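Peer 1: Just passing along the structure, written as structure tokens.
The values are calculated or read from the model by the stated rules, or taken from the named source; none is laboratory data. Remember, predicted model here, so these are calculated numbers, not experimental data. Using ideal geometry, Cβ is built from the backbone for each residue, glycine included, and neighbour counts are taken over all protein chains shown.
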Amino acid sequence: MPELKPLREAFGDAMVKLGSTYPEIVAIDCDLAGATKIDKFKSAFPDRFFQFGIQEMNAIGVGAGMANSGFRPFVASFAAFITGRYDQIRISVALDNSAVVIVGSHPGLAIGKDGATQMGLEDVNLMRGMPNMIVLQPADHIETREMMNYIVSSRKPMYLRISRQPVPDINNEDYKFEFGKGVVLKEGNDITLIASGGPVHIALEVAKELEKEGKSIRVINIHTIKPIDQDLILKAAQETKGIITIEDHSIYGGLGSAVAEVVAEAGMGKRVKRLGVKDVFGESADAKELYRKHELDKEGILKNVKEFYSRI
Amino acid sequence: MTSSIRNTLNRIIHPSALGGHYVYNRAEEERARQLNLLSAKVRLLTIDSIYRAGSGHGGTSLSIVDIITALLFHRLNWNKFLGDVKGKSAEDQWQHWQNPELPRDRFVLSKGHGIPSWYAALAVGGYIDKDELGKLRTMDSRLQGHPERKRFPFIDGSTGSLGQGQSVALGYALANKTRGKGEKVYCIIGDGECNEGQVWEAAMSAPKFELDNLVYIIDFNKKQSEGDNDDVMNVEWLHSRWKVFRWHVQRIDGHDMKSLVRALEECDKVKGKPHAIIADTHKGYLGGGETFMAGGHNPVIDQESFEKAARFLGDLANSYARA
């Protein structure tokens, strides 16, 4: 059994490591530093950590002002809360093309027992619809670390969605993050599973399991949800018989929608099945139970893949 | 308390009742005369550009003209950098003016709908060509109906969705303080805009960081889109509200140039606190006690009203020029 690690640890560690090299990095917290792990940066660079309390709207605007002054601010809170301040992000960050990184932690059903109000299930949809905004979601520890190197080298507005649940490493230590490029984790010719964030390792397990039954399944990790890797998606649509997308997010407006848009516009006539949360809010329960209910656990995805096979 | 009594209270609590009298010297009187002359010119160009555009918020642009004139022509350290951008391409202007390293003061117009008067002031000051004002609200123009920083360098934040610009201004001030830079940050906020919760988030947080390099000027014209402030959403005792948030608060006549200049200079003297200047103004104010189109929020300007105002402002400018 591989070691399971929460990605926020990797995020916090990367903030500290990069903080020395990049004096322009500042952290703006909304009273959740311990949860988002941006508190690691606070300990290392107290003069570049700004506690704005439970003022997400204000914190976003402050981030924009600091970014326009040359800083690279990370404004961090729970995904649901920070993207809930949509208009502040839309105007002060996206329209002004300000170099702010909006960090949304604790997204999706995976946060479990805290319930619907705390679950960011529409956040990718909101951020993806915004001009100028880049949407990133790492799938493991190594990818988080490498993605952070890219983020601080850029001065574009970004939304960084960081899963809370501990996940195993699926990439090797020598993994290189390439912005805007999907990662083929496993080759296959029958169908393609395209996943992002926390569920990526589950998709990989499903594909490996079905391989034993002689099924050849391609697995793609999309870490850059916007701009999405159209070439890799079209290649998968061309070379396999259909695509299943997997995300801990609403099936509206997230990864699944992005993939479906690409395939539909190309007029390829290939089926795209979206797995995710089907236009309902979350609820309190153990994360594993919620993944089971919404068919995002291994068994649920397996069931959907088998059904998909029968329809292509 | 009925809204009419609240409105009356707002009007009678005037700076003279709060701060006592101040005797101005001759140099201050002379500077005020020069600024008033500029103000009349800015008002004329403001009305002219809105008239030509066929739409725009005349009333709310005119109430802040004196504040804007005092800022641009007396307070902001912009003039010394003007030579670097004059005659340059729009792209070069943007790159130079928005370079974070340029040691200039910052200005955010949080009440973005008042932007025509800022464009007009920039034209009077030579930052943009007067002819460009004719492009207000037209295709491909830098002069958007509400200010957009990416298109136009001489504004430090896109605004128009109210209650947001003051936080961006706070960010500039925090950045300057963090870097030990002495430049100041000015932001004009509407009184109706103070309905927005985010304004009070900024009000709560700026004193925590002791941002004495941050000045908010609240355009207290007592009206908003749907009528009197207090009929829409009460903002009475505005000065007291900022005081309890631990700001350095001054209340002044926002159309009296000497008071404006003095209040802005006073902000340099008070350390350790951010500054709020509550400026009593009138919507649609033309100067000399006159009001444009009954102080309407965004009236469509007819030819007769335009010509009448233009004549009045021409005469007013002449009176300041001769004095």
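Peer 1: So, in the range B:219-262, how many residues would count as being in a helix (DSSP H, G or I), more than 21 Å from B:Arg43 (Cα to Cα) and not hydrophobic (A, V, I, L, M, F, W, C)?
Peer 2: 8
Peer 1: Between residues in the range B:306-323 that are over 16 Å from B:Phe292 (Cα atoms) and residues that are polar (S, T, N, Q), which pairs lie under 6 Å by C-beta distance while being six or more apart or on different chains?
Peer 2: B:Tyr320/B:Asn36
Peer 1: B:Asn176 is checked against (1) in contact with a Ser or Thr (Cβ under 8 Å, 6 or more places away or on another chain); (2) at the interface with chain A (Cβ under 9 Å from one of its Cβ atoms); (3) surrounded by 24 or more Cβ atoms within 10 Å (Cβ to Cβ); (4) not hydroxyl-bearing (Ser, Thr, Tyr) and fails just one. What number does that condition carry?
Peer 2: Answer for B:Asn176: the failing condition is (3).
This table checks each residue for (1) in contact with a Gly (Cβ under 6 Å, 6 or more places away or on another chain); (2) under 27 Å from B:Leu102 (Cβ atoms); (3) more than 14 Å from chain B (Cβ to nearest Cβ); (4) aromatic (Phe, Trp, Tyr).
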position	(1), (2), (3), (4)
A:Arg8	no, no, yes, no
A:Lys37	yes, no, yes, no
A:Asp47	no, yes, no, no
A:Phe50	no, yes, no, yes
A:Met57	no, no, no, no
A:Ile60	no, yes, no, no
A:Val100	yes, yes, no, no
A:Leu109	yes, no, yes, no
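Peer 1: Ok, one more. Which residue, of A:Gly19, A:Gly84, is away from every other protein chain (no Cβ under 12 Å) and under 18 Å from A:Leu136 (Cα atoms)? Quick ask: steps written out before the conclusion?
Peer 2: On the way: A:Gly19 fails: under 18 Å from A:Leu136 (Cα atoms).
None of the other options fit; the residue is A:Gly84.
Peer 1: Out of the residues in the range A:155-173 that are out of contact with any His (no Cβ under 9 Å at 6 or more places or on another chain) and within 22 Å of A:Gly19 (Cα to Cα), state the one that is surrounded by the fewest Cβ atoms within 10 Å (Cβ to Cβ). Reasoning before the result, please.
Peer 2: Taking the range A:155-173 first, the residues out of contact with any His (no Cβ under 9 Å at 6 or more places or on another chain) are A:155-160, A:165-166, A:172-173.
Going one step further and asking which of them are within 22 Å of A:Gly19 (Cα to Cα), we end up with A:155-160, A:173.
Details: A:Arg155: 14, A:Lys156: 14, A:Pro157: 26, A:Met158: 24, A:Tyr159: 28, A:Leu160: 23, A:Glu173: 7.
Checked the range A:155-173; the qualifying residue surrounded by the fewest Cβ atoms within 10 Å (Cβ to Cβ) is A:Glu173.
Peer 1: Could I ask something else about it? A:Glu146: assigned to a helix (DSSP H, G or I), acidic (Asp, Glu) and not assigned by TED's automatic domain parsing to the domain that holds A:Val206, yes or no? Don't jump to the end; show me each part of the working.
Peer 2: Values: assigned to a helix (DSSP H, G or I): yes; acidic (Asp, Glu): yes; not assigned by TED's automatic domain parsing to the domain that holds A:Val206: yes.
Spelling it out, A:Glu146 is indeed assigned to a helix (DSSP H, G or I), acidic (Asp, Glu) and not assigned by TED's automatic domain parsing to the domain that holds A:Val206.
Peer 1: Would you point out the residue of the range B:203-222, among those that are more than 10 Å from chain A (Cβ to nearest Cβ) and over 16 Å from the mean Cα position of the chain (by Cα), that is surrounded by the most Cβ atoms within 10 Å (Cβ to Cβ)?
Peer 2: B:Leu211
Peer 1: Mind telling me which of the residues A:Glu261, A:Glu307, A:Glu289, A:Glu299 ends up being out of contact with any helix residue (DSSP H, G or I) (no Cβ under 6 Å at 6 or more places or on another chain), closer than 22 Å to A:Gly180 by Cα, acidic (Asp, Glu) and not in a strand (DSSP E or B)?
Peer 2: A:Glu261
Peer 1: Hey, can you tell me all the residues within the range A:162-198 that are polar (S, T, N, Q), in a loop (DSSP other than H, G, I, E, B) and touching an Asp or Glu at 6+ places or on another chain (Cβ under 9 Å)? It would help to see each step written out before you state the result.
Peer 2: The initial filter retains those residues of the range A:162-198 that are polar (S, T, N, Q), namely A:163, A:165, A:171-172, A:189, A:192, A:196.
If we keep only those that are in a loop (DSSP other than H, G, I, E, B) too, we end up with A:163, A:165, A:171-172, A:189, A:196.
Scanning the range A:162-198 gives A:Ser163, A:Gln165, A:Asn171, A:Asn189, A:Ser196.
Peer 1: What are the residues in the range B:179-202 that are surrounded by fewer than 23 Cβ atoms within 10 Å (Cβ to Cβ), within 13 Å of another protein chain (Cβ to nearest Cβ) and of a type outside the set (Lys, Arg), if any?
Peer 2: B:Gly180, B:Glu183, B:Glu196, B:Gly197, B:Trp200
Peer 1: What do you reckon, is A:Glu283 at pLDDT 95 or above and assigned to a loop (DSSP other than H, G, I, E, B)?
Peer 2: Yes; evaluated as a whole, the condition is true for this residue.
Peer 1: Let me confirm something: among A:Val152, A:Val135, which residue is buried (at least 24 other Cβ atoms within 10 Å of the Cβ) and either of a type in the set (A, V, I, L, M) or closer than 27 Å to B:Val199 by Cβ (or both)?
Peer 2: Step by step, each of A:Val152, A:Val135 is checked, and only A:Val135 is buried (at least 24 other Cβ atoms within 10 Å of the Cβ) and either of a type in the set (A, V, I, L, M) or closer than 27 Å to B:Val199 by Cβ (or both).
Peer 1: Quick check, is A:Ser196 modelled with pLDDT under 95, surrounded by 22 or more Cβ atoms within 10 Å (Cβ to Cβ) and either assigned by TED's automatic domain parsing to the domain that holds A:Ala287 or in contact with a strand residue (DSSP E or B) (Cβ under 9 Å, 6 or more places away or on another chain) (or both)?
Peer 2: No.
Peer 1: Among the residues of the range B:108-121, are any more than 19 Å from B:Arg43 (Cα to Cα) and in contact (Cβ under 8 Å) with a residue 40 or more places away in the chain? I'd like the intermediate steps shown before the answer.
Peer 2: First, pick out the residues of the range B:108-121 that are more than 19 Å from B:Arg43 (Cα to Cα): B:108, B:110.
From what's left, in contact (Cβ under 8 Å) with a residue 40 or more places away in the chain: B:108, B:110.
Yes, the range B:108-121 contains at least one residue that is more than 19 Å from B:Arg43 (Cα to Cα) and in contact (Cβ under 8 Å) with a residue 40 or more places away in the chain.
Peer 1: Counting residues that are at pLDDT 95 or above and touching a strand residue (DSSP E or B) at 6+ places or on another chain (Cβ under 9 Å), which helices (runs of 4 or more DSSP H) fully inside the range A:1-46 reach at least 3?
Peer 2: Once the helices (runs of 4 or more DSSP H) in the range A:1-46 are filtered for at least 3 residues that are at pLDDT 95 or above and touching a strand residue (DSSP E or B) at 6+ places or on another chain (Cβ under 9 Å), what remains is A:7-21, A:39-44.
Peer 1: Okay, moving on. Just to be sure before I move on: is B:Asp105 among the acidic types (Asp, Glu), within 14 Å of another protein chain (Cβ to nearest Cβ) and touching a residue at least 40 places away in the same chain (Cβ under 8 Å) in the structure I sent?
Peer 2: Yes; evaluated as a whole, the condition is true for this residue.
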